[in-house]
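Peer 1: First, the structure itself, so that you have it in front of you.
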């Protein structure tokens, strides 16, 4: 892996890709090219990129429905992601999942999960498999602060702590569980206090600096890989858009949003790069390359074939309409 300024340049490239991908996804949604829900990751890019950089081949990642960012950070192509959003056969889930159900086993991404907190126990199961096999792989499980009030969250952390599973639980606390501030849903402001109840290490920090995210997540990943048990991390962040495209976010003030934008992860990383000697040309080249990649992804998705009914029957439904029965019926 690259180090120093080169690594930071790659982090900036990945974060800028996520930002531009999400902005174009919002545009496509407004144009009617994307249906259903669309939960954007704008403002949280440093978490996905920093965490992904702490992993190695064989590790696995589970995410909630705000899943585009980590998918791209792990290596999924913008073309596959955009095609999935538009319900095309070339999408990462063959157009069957849409925004909330990206999946990319090749890069260790084990899915976006639409039920709040429902995937936490599943991620614990994946970590149990790694411990059982002794393969030294680590699982990351992302969720929002709202999920810490859900039964599946507590079940997953209880078993992970009991069995010292190789898993890192990452709460992306973007301040609002849908539209409700955390002070109205939690009796405590430091969610990592909950880690103590499950016998695991807790860590808490702001997620605007990609270097900090990488360092702190790597510490937890390394601890899990050495058999020292799980960690519950709370990362403070902020989403610049509403909960989803249908959310005007009127529950927060314009002044609050503008104040939070002063901690934009891309601006912070750009400043760090310039201080490290990166030139304006270096940054411009990255942005131009990303712009071209995202533009190509949108065009490819526009031109791709829609999701196919045959794929739905073959991979989703186990009925008499399965592939073998359909072949027999066609004879």
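The values are calculated or read from the model by the stated rules, or taken from the named source; none is laboratory data. Predicted model only: the values in this text are computed from it and were never measured. Please note: Cβ atoms are built from the backbone with ideal geometry, for glycine as well, and neighbour counts cover all protein chains shown.
Peer 1: Of all residues in the range 173-184 being outside any strand (DSSP E or B) and under 24 Å from residue 122 (Cα atoms), which is modelled with the lowest pLDDT?
Peer 2: Across the range 173-184, the extreme among qualifying residues is 178.
Table: residues versus (1) under 17 Å from the mean Cα position of the chain (by Cα); (2) under 15 Å from residue 234 (Cα atoms); (3) at pLDDT below 90.
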residue: 139; (1), (2), (3): yes, no, no
residue: 144; (1), (2), (3): yes, yes, no
residue: 163; (1), (2), (3): no, no, no
residue: 171; (1), (2), (3): yes, yes, no
residue: 186; (1), (2), (3): no, yes, yes
residue: 205; (1), (2), (3): no, yes, no
residue: 208; (1), (2), (3): yes, yes, no
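Peer 1: Hand me the list of helices (runs of 4 or more DSSP H) wholly inside the range 21-103 holding 1 or more residues that are over 23 Å from residue 261 (Cβ atoms) and either modelled with pLDDT under 95 or within 9 Å of the chain's Cα centre (by Cα) (or both).
Peer 2: Fully inside the range 21-103 and qualifying: 68-74.
Peer 1: Confirm whether residue 225 is out of contact with any helix residue (DSSP H, G or I) (no Cβ under 9 Å at 6 or more places or on another chain) and touching a residue at least 12 places away in the same chain (Cβ under 8 Å).
Peer 2: Considered against the rule, which asks whether it is out of contact with any helix residue (DSSP H, G or I) (no Cβ under 9 Å at 6 or more places or on another chain) and touching a residue at least 12 places away in the same chain (Cβ under 8 Å), residue 225 comes out as yes.
Peer 1: Sort out which residues of the range 132-173 are buried (at least 21 other Cβ atoms within 10 Å of the Cβ) and without any contact (Cβ under 8 Å) to a residue 40 or more places away in the chain, and write them in order of number.
Peer 2: If the condition is that a residue be buried (at least 21 other Cβ atoms within 10 Å of the Cβ) and without any contact (Cβ under 8 Å) to a residue 40 or more places away in the chain, then 146, 153, 156 are the ones that fit.
Peer 1: Another question, then. Could you pull out the residue among 159, 140 that is touching a helix residue (DSSP H, G or I) at 6+ places or on another chain (Cβ under 9 Å) and in a helix (DSSP H, G or I)? Outline the logic, then answer.
Peer 2: Values: 140 fails: in a helix (DSSP H, G or I).
Among 159, 140, only 159 is touching a helix residue (DSSP H, G or I) at 6+ places or on another chain (Cβ under 9 Å) and in a helix (DSSP H, G or I).
Peer 1: Here's a follow-up. Pick out the one residue from 124, 51 that is buried (at least 24 other Cβ atoms within 10 Å of the Cβ) and either closer than 28 Å to residue 310 by Cβ or free of Cβ contacts under 8 Å to residues at least 60 places away in the same chain (or both). Reasoning before the result, please.
Peer 2: On the way: 51 fails: either closer than 28 Å to residue 310 by Cβ or free of Cβ contacts under 8 Å to residues at least 60 places away in the same chain (or both).
Sole residue among the options that is buried (at least 24 other Cβ atoms within 10 Å of the Cβ) and either closer than 28 Å to residue 310 by Cβ or free of Cβ contacts under 8 Å to residues at least 60 places away in the same chain (or both): 124.
Peer 1: Look through the range 196-221, keep the residues that are touching a helix residue (DSSP H, G or I) at 6+ places or on another chain (Cβ under 9 Å) and more than 20 Å from residue 61 (Cα to Cα), and return whichever of them is surrounded by the most Cβ atoms within 10 Å (Cβ to Cβ).
Peer 2: Step one: list which residues in the range 196-221 are touching a helix residue (DSSP H, G or I) at 6+ places or on another chain (Cβ under 9 Å), which gives 197-203, 205-218, 221.
Filter once more, keeping what is more than 20 Å from residue 61 (Cα to Cα): 197-199, 205-206, 208-209.
Details: 197: 12, 198: 19, 199: 14, 205: 16, 206: 14, 208: 25, 209: 17.
My answer is 208.
Peer 1: Next question, about the same structure. Identify, from the list 129, 194, the residue that is touching a residue at least 12 places away in the same chain (Cβ under 8 Å), more than 25 Å from residue 253 (Cβ to Cβ) and in a helix (DSSP H, G or I).
Peer 2: Residue meeting the stated conditions: 194.
Peer 1: Out of the range 250-290, which residues are over 21 Å from the mean Cα position of the chain (by Cα), touching a residue at least 60 places away in the same chain (Cβ under 8 Å) and surrounded by 10 or more Cβ atoms within 10 Å (Cβ to Cβ)?
Peer 2: Result: 251, 252, 270, 272, 273, 276, 278, 282, 283, 286, 287, 289.
Peer 1: Given the condition closer than 30 Å to residue 252 by Cα and touching a strand residue (DSSP E or B) at 6+ places or on another chain (Cβ under 9 Å), answer yes or no: does some residue in the range 156-167 qualify?
Peer 2: no
Peer 1: In addition: With respect to residue 32, is the statement that it is at positive phi and without any contact (Cβ under 8 Å) to a residue 12 or more places away in the chain true?
Peer 2: yes
Peer 1: Something else now. Test residue 230 against the stated conditions and say whether it is buried (at least 18 other Cβ atoms within 10 Å of the Cβ), over 26 Å from residue 4 (Cα atoms) and modelled with pLDDT of 95 or more.
Peer 2: Yes, satisfied.
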